[in-house]
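Worksheet: the structure to be examined is printed underneath.
The values are calculated or read from the model by the stated rules, or taken from the named source; none is laboratory data. From a predicted model like this one, the values you see are computed outputs, not experimental measurements. Counting neighbours? That spans all protein chains shown, and the Cβs are built from the backbone with ideal geometry, glycine included. Note: areas computed on protein heavy atoms with side chains; ligands, DNA, RNA excluded. Shrake-Rupley method; radii C 1.70, N 1.55, O 1.52, S 1.80 Å.
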Amino acid sequence: MSGAVKCVGDEAVKAKGWLGAHKYLILRRISQFGIWGLFLLGPLAGTWIVKGNLTSSLTLDVLPLSDPFVVLQALLAGHVAAGSALLGAAIVLGFYIVVGGRVYCSFVCPINVVTDAARWLSERMNLPKGWQPARETRLWALVAVMGAALATGVMAYEMLNPVTIVHRAMVYGLGYAWTVLLAIFVLDLVVSRRGWCGHLCPMGAFYGLLGRGSLLRISAVNRANCDDCMDCFAVCPEPHVITPALRGAGTETGPAILSGDCTNCGRCIDVCAKDVFVFTARFNNAIPERGDTVMERKDRDAA
Amino acid sequence: MDDTVKSLAGSASRRRFLAGVARAAGAAGAFGLVVGLFGRQAQSLPAVAIRPPGALSEKKFLSACVRCGLCVRDCPYPTLSLAGVGEDVPVGTPYFIARRYPCEMCDDVPCVKACPTGALDPELNTIDDARMGLAVLVDEETCLNFLGLRCDVCYRVCPVIDKAITLEMSHNTRTRKHAVFIPTVHSDSCTGCGKCERACVLDTAAIRVFPRHLAKGRIGEHYRLGWVEKEKHGGESLAPGMVDLPDRLPDELPDALKGWKP
């Protein structure tokens, strides 16, 4: 290690090539910008595939999709959606229960691109992590949001929600929403690294709850191959979710990452040169037979 | 000894846990309060902003509208838009400003059909039944018809002509020999589309559309209009056998009134 500065993912790039080591990152960006593009295709090119925005949309004039986080707020505020919004929310709910709740955060939410950029810059500039509120803060924020809807009888949080405000502005071309984006960028860059997506966003908390039972999970099936390079921890937006799965051999814990906090972003798969992680179903959680770990083998070879 | 240490440690960690929970609950409460207060404050709708046809009453609307903009997309005219950040209208909700572009009152009401939540009432099938707002002739001093001219533009453009706006003839007291035709709005037919406001030829419109709760008065519940009641009860007066009190007049009438009988 002496002399050369080690960068996260260097070994993976060497082992799998640049494309192989950025596969899921590229997929995510394609997904995030692709969804934006789909919404813009109508107003810009006149081709109406998707209409509306992420809170409620109509695809190809038949498929209604609605954000269950917003529809739940409406419900608590005292309005039972009369149109297709309930069906749309049910479809979206079902989808995220299959693919992982916070897939919304990593593959869909437009804010993610900005907070990822802030994190990259913060690490690049070696800024301090800053304020790191407790992990359950966002859950309390979620309680507060739903409580506010219940108490005021209106969707109070939707007057503030940066996720819906920014996406709506991106689709309908409304001004000044960039100030909201800038505020979040600054928060994540200088006040609290990963502050918004990692600690505060009540929407992420909501989708995280869905993820607690979701089918598609990342699993450290080949954890015996782990050589403790720590790249996955360095790149993961929610590093605490990795520990039980990757280091669970001693405590007889299965290799699947079951925490709802995991966003299924797949960056750990990208940066692992040893191919420890794969996407799999949550039930696929048998404890692998204990072979020698890479480290143990190394120790033995050295001896 | 060991037990004492353990129990001390236990109570310390319990205290830490409780303090943590209290802190989190306090923070959540404060955050909820801020969200709630901000939400309430941001509810006020400026008088020029008119909701699309079929919109529920403002408070219900804000509990129902998910701000998706599907009504805006299906509006064939540039009428509807979504409120942006920093505008007076609650962020993301649909509205129109009549003077800028009024509602064209499509027969098939596409905006209502597009609404996925029922914030625009799906029961509204006929656009003439829409009550988006109410036109009010706010300035009699500048309205050309009040001045005795025959502008009539608001009356002519009204999609519910002769029902929502009528021209009521009366005497022109300035010239003493002409008539004035007063544009008169009838709330039982006015949809609040805003075409009259849009078309008003003045630099600043003399007729404007306001949300109905701002434009309409209400008679007290106990109040009865004698002539209406009489009609309802087949010509029978609301208070039959009313005592006819004697008319009180000065004992001696002035000369001019000699011979006058009440």
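Lysine pairs in segment B:110-223 whose alpha-carbon atoms fall under 25 angstrom of each other, counting only those eight or more residues apart or on distinct chains, come to 4.
What does the charge dipole of the protein assembly as shown about its Cα centre add up to, to the nearest 20 debye, if the Cβ of each Lys and Arg holds +1 and the Cβ of each Asp and Glu holds -1?
On the way: 60 positive and 53 negative charges, 262 e Å.
In total the dipole reaches around 1260 debye.
Tell me the carbon and sulfur percent of the accessible area for the protein assembly as shown, rounded to whole percent, probe radius 1.4 Å.
Working: 17960 of 29800 Å².
Result for the protein assembly as shown: 60 percent of the exposed heavy-atom area is carbon or sulfur.
For chain A, A:CYS7, A:CYS105, A:CYS109, A:CYS197, A:CYS201, A:CYS226, A:CYS229, A:CYS236, A:CYS262, A:CYS265, A:CYS272 stand unpaired, since no other cysteine beta carbon lies under 4.7 Å from theirs.
Please tell me the relative contact order of segment A:49-211 in percent, rounded to the nearest whole number, where contacts are Cα pairs under 8 Å and at least six residues apart.
31
Along the positive direction of the dipole of the protein assembly as shown (beta-carbon charges: Lys, Arg +1; Asp, Glu -1; about the Cα centre), which of A:PHE277, B:SER44, A:MET230 reaches farthest? Working it through, the farthest residue towards the positive pole turns out to be A:MET230. Each 10 Å bin, from zero up to the one with the longest distance, holds this percent of the alpha carbon pairs of segment A:127-174: 22, 33, 34, 11, 0.
Provide, for q = 0.12, 0.18 Å⁻¹, the log10 of I(q)/I(0) from a solvent-free Debye sum over equal Cα point scatterers in segment B:161-261. Calculated log10 I(q)/I(0) at the listed q: -0.82, -1.03. Among the residues of A:127-136, the average count of other protein chain beta-carbon atoms within 10 Å of the residue beta-carbon is 1. If only the Cβ of Lys and Arg carry +1 and only the Cβ of Asp and Glu carry -1, the dipole of chain B around its Cα centre is close to 1040 debye. Note on chain A: Rg/Rh from C-alpha atoms, Kirkwood Rh, equals 1.00.
Can you compute the charge dipole magnitude of chain A about its Cα centre, using +1 on each Lys and Arg Cβ and -1 on each Asp and Glu Cβ, nothing else charged? Give it in debye, rounded to the nearest 20.
Details: 27 positive and 22 negative charges, 39 e Å.
Dipole magnitude for chain A comes out near 180 debye.
Here's the picture: charge each Lys and Arg Cβ at +1 and each Asp and Glu Cβ at -1 in segment A:1-131, and of A:ALA117, A:PHE39, A:GLY100 the one pushed furthest to the positive end of that dipole is A:ALA117. Here the average projected area of the convex hull drawn through the C-alpha atoms of segment A:49-211 stands at 9.9 nm². For the protein assembly as shown, the extents of the C-alpha atoms along the principal axes are 138, 67, 43 Å, listed from largest to smallest. Under 19 Å from a label point set 7 Å out along the Cα-to-Cβ vector of B:ASP128, the amide N atoms of segment B:87-122 belong to B:103-110. Counting 0.36 nm for each residue step from A:THR179 to A:LEU121 and taking away their Cα separation leaves a gain of 19.0 nm. Based on C-alpha pairs under 8 angstrom that are at least 6 apart in sequence, chain A has a relative contact order of 23 percent.
With a Förster radius of 60 Å applied to the beta-carbon distance between B:ALA12 and B:GLU236, the computed FRET efficiency rounds to 0.10. Kirkwood analysis of chain B, using all unique Cα-Cα pairs, places the hydrodynamic radius at 23.8 Å. Each of A:ALA15 and A:THR251 was given a label point 7 Å from its Cα along the Cα-to-Cβ line. The distance between the two points is 2.5 nm. Taking 4.7 Å between beta carbons as the limit, the unpaired Cys residues of chain B are B:CYS65, B:CYS68, B:CYS75, B:CYS106, B:CYS115, B:CYS143, B:CYS151, B:CYS158, B:CYS190, B:CYS200. Here the label points at B:ILE182 and A:ALA134, each 7 Å from Cα along the C-beta direction, are separated by 6.9 nm in the simple model. Relative protection proxy for A:154-160, B:119-125, B:169-175, from highest mean packing down: A:154-160, B:119-125, B:169-175 (other beta-carbon atoms within 10 angstrom). Comparing the full protein assembly with the isolated chain (1.4 Å probe, heavy atoms, ligands and nucleic acids excluded), the residues of segment A:162-190 losing at least 50 square angstrom of accessible area are A:ARG168, A:TYR172, A:LEU174. Take each residue of peptide B:99-110, count the partner chain Cβ atoms within 10 Å of its Cβ, and average: the result is 0.
Averaged over B:81-87, how many beta carbons belonging to a partner chain fall within 10 Å of each residue's beta carbon?
Details: counts 3, 7, 2, 9, 12, 5, 3.
Counting Cβ atoms of other protein chains within 10 Å of each residue's Cβ and averaging gives 6.
Near the amide H of A:GLY83, within less than 5 Å, lie the amide hydrogens of B:THR117, B:GLY118, all on another chain or at least 5 residues away, with H placed in the peptide plane.
B:TYR101 to B:GLU229: extension gain in nm, 0.36 nm per residue of separation minus the Cα-Cα distance? Before the final figure, lay out the partial values.
On the way: separation 128, 0.36 × 128 = 46.08 nm, distance 4.24 nm.
Value of the extension gain: 41.8 nm.
In this simple spin-label model, placing a label point 7 Å from the Cα along the Cα-to-Cβ direction at both B:ARG174 and A:ILE97 gives a separation of 7.2 nm. Bridging of A:LYS16 to aspartates and glutamates at a Cα separation below 13 Å is possible for A:ASP270, A:ASP275, once same-chain residues fewer than 8 apart are set aside.
Given an 8 Å cut-off on Cα distances and at least 6 residues of separation, report the relative contact order of chain B as a percent.
It rounds to 17 percent for chain B.
Note on B:SER57 and B:ALA19: with the Förster distance fixed at 51 Å, the Cβ-Cβ geometry gives a FRET efficiency of about 0.70. Think of the protein assembly as shown as having a plus end and a minus end, set by charges on the Cβ of Lys, Arg, Asp and Glu; of B:CYS111, A:ALA134, B:SER13, B:SER13 sits farthest toward the positive end of this dipole.
Solvent exposure of chain B, expressed per residue, is 62 Å² of accessible area, with all protein chains present and a 1.4 angstrom probe.
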